[in-house]
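I have placed the structure first, in the form of structure tokens, so that the comments after it can refer back to it.
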Amino acid sequence: MATVLANPVSTQEKLLRAREASAKLALFSTDQKNALLLAMADALDVATQSILDANQRDMESCGLEDAMRDRLLLTAARVRQMAQGVRDVAALPDPIGATLAEWSHPKGMHIRKVRVPLGVVGIIYESRPNVTVDTAVLALKTGNAIVLRGGKEAAQSNQRLVEILNAVPGVPKGAVELLDSSTRQTVHELIKARGLVDVIIPRGGAGLISFVTENSAVPVIETGAGNCHVFVDESADFEMADAIVINAKTQRPSVCNAAEKLLVHQSIATDYIPRIVKKLIDAGVEVRGDEESRRIAGADVIIATEQEWYEEYLSLRMAIRVVGNVDAAIVHINHYSTKHSDSIVTRDEENARKFLRGVDSAAVYWNASTRFTDGAEFGFGAEMGISTQKLHCRGPFALAELTSSKYEIVGTGQIR
């Protein structure tokens, strides 16, 4: 069982430790940071069984079902993937200290703009223990301390993972802090810790994200819910469209880049909708849709409510709507989507380019599944989340987005 401390450390003490650790981590060399990460990856491999044991205790007590249960589950394969993700981050270039711009002042001073760590990063997330490791190693690679506030359903998994990371020799005390998840008070304490925490990242459902963004005294980088769309245009290759739709919906329906809505051009709706409805149902998907989709496919389609077009299902459910053309698809997506990931399937390059330009989402695809919106798939090793906002970063964000900048000015005695 997880260790219960007689005198648990308060949130304030943990935040102070993280602030002290951030000053130390900012001075670590690339080699030092990479050595820590590789040692952490090895430690995760060695401790796989204890991680699975802790996760099993969480699974037995979580009370979750379907998508949320899958998010919580760890397997030996997922732990191996977690450890490999750490090694992938270690292999990436270190952004800290990189020169973003440099020039000379008319009086002879040399001015250089360089990347620096953010400082202390706080992340609030639900269910997924892999987020504990992914976010911690991204923070450490960029010289940041991290304060984790996971969901209570993953408390023992998260505790064990943080113990493993912190046990690696050379990790400064406070570099990876885990807050108590048994009370909501720790969320309030974290988001009000202006001066101790530099940025908050909420990663979870729409309710969590809204609460944090509306109540935080600390700057927030939103990671958005994923009401993602696939639009099958009139010139689409049906076989390609089938593969993309089924993959985007069913490959892992519990994650934010899974497709939730399918838009079909009216000129092919009669041919395509019955075909894809059958394939979705055969794959275990509950199909919903508008009146036209139901008219075409019959009782296999359940009428979707207006509110559902805004909804992130996170389950084996998909809603279909017939639209007039690519312009109508763009209007629909920009109105109902969460601005996460959306895809067009078409042979028409003009329509594809219009869709790529017109859809206001963090990731927009032409003839590919939305499931690729992921830090590892984009070559980032891992990710802090998928940002759907426009300031600071957008889309999968990882190392570069965990930095700020400062100016270094070298002179020879100049005065103004």
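The values are calculated or read from the model by the stated rules, or taken from the named source; none is laboratory data. Because the structure is predicted, anything quoted here is derived from the model rather than measured. Here the Cβ positions follow ideal geometry from the backbone for every residue, glycine too, while neighbour counts run over all protein chains shown. We work out accessible area using only protein heavy atoms, side chains counted, and drop any ligands, DNA or RNA first. Shrake-Rupley method; radii C 1.70, N 1.55, O 1.52, S 1.80 Å.
Laid out as a table, the results:
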{"item": "Out of Thr370, Thr346, Thr305, sole residue that is in contact (Cβ under 8 Å) with a residue 40 or more places away in the chain, under 25 Å from Ala206 (Cβ atoms) and of a type outside the set (A, V, I, L, M, F, W, C)", "result": "Thr370"}
{"item": "One residue from Gly195, Gly174 being at pLDDT 95 or above, buried (at least 23 other Cβ atoms within 10 Å of the Cβ), more than 30 Å from Ala283 (Cα to Cα) and over 20 Å from the mean Cα position of the chain (by Cα)", "result": "Gly174"}
{"item": "Hits in segment 201-242 - residues which are more than 18 Å from the chain's Cα centre (by Cα), of a type in the set (Ser, Thr, Tyr) and closer than 30 Å to Arg353 by Cβ", "result": "Ser235"}
{"item": "Flag for Leu138 being at pLDDT 95 or above, open to solvent by less than 40 Å² (accessible area, probe 1.4 Å) and closer than 20 Å to Gln251 by Cβ", "result": "no"}
{"item": "Enumeration of residues in segment 369-388 that are of a type in the set (A, V, I, L, M, F, W, C) and more than 8 Å from the chain's Cα centre (by Cα)", "result": "Phe372, Ala376, Phe378, Phe380, Ala382"}
{"item": "Where Leu208 falls short, out of the listed (1) closer than 30 Å to Glu65 by Cα; (2) surrounded by 15 or more Cβ atoms within 10 Å (Cβ to Cβ); (3) modelled with pLDDT of 95 or more; (4) hydrophobic (A, V, I, L, M, F, W, C)", "result": "(3)"}
{"item": "Flag for Asn166 being open to solvent by 20 Å² or more (accessible area, probe 1.4 Å) and either closer than 18 Å to Thr135 by Cα or of a type in the set (Lys, Arg) (or both)", "result": "yes"}
{"item": "Qualifying position, being buried (at least 23 other Cβ atoms within 10 Å of the Cβ) and touching a His at 6+ places or on another chain (Cβ under 7 Å), among Ile333, Ile320", "result": "Ile333"}
{"item": "Any hit, segment 188-198, residues being assigned to a strand (DSSP E or B), farther than 20 Å from Phe28 by Cβ and among the basic types (Lys, Arg)", "result": "yes"}
{"item": "Residue within segment 135-143 that is under 19 Å from Pro202 (Cα atoms) and touching a Cys at 6+ places or on another chain (Cβ under 7 Å) present", "result": "no"}
{"item": "Elements of type helices (runs of 4 or more DSSP H) in segment 212-298, at least 1 residues being of a type in the set (D, E, K, R) and surrounded by 22 or more Cβ atoms within 10 Å (Cβ to Cβ)", "result": "238-250"}
{"item": "Strands (runs of 3 or more DSSP E) fully within segment 340-392 counting 1 or more residues that are open to solvent by 30 Å² or more (accessible area, probe 1.4 Å), aliphatic (A, V, I, L, M) and farther than 26 Å from Ala41 by Cβ", "result": "363-366"}
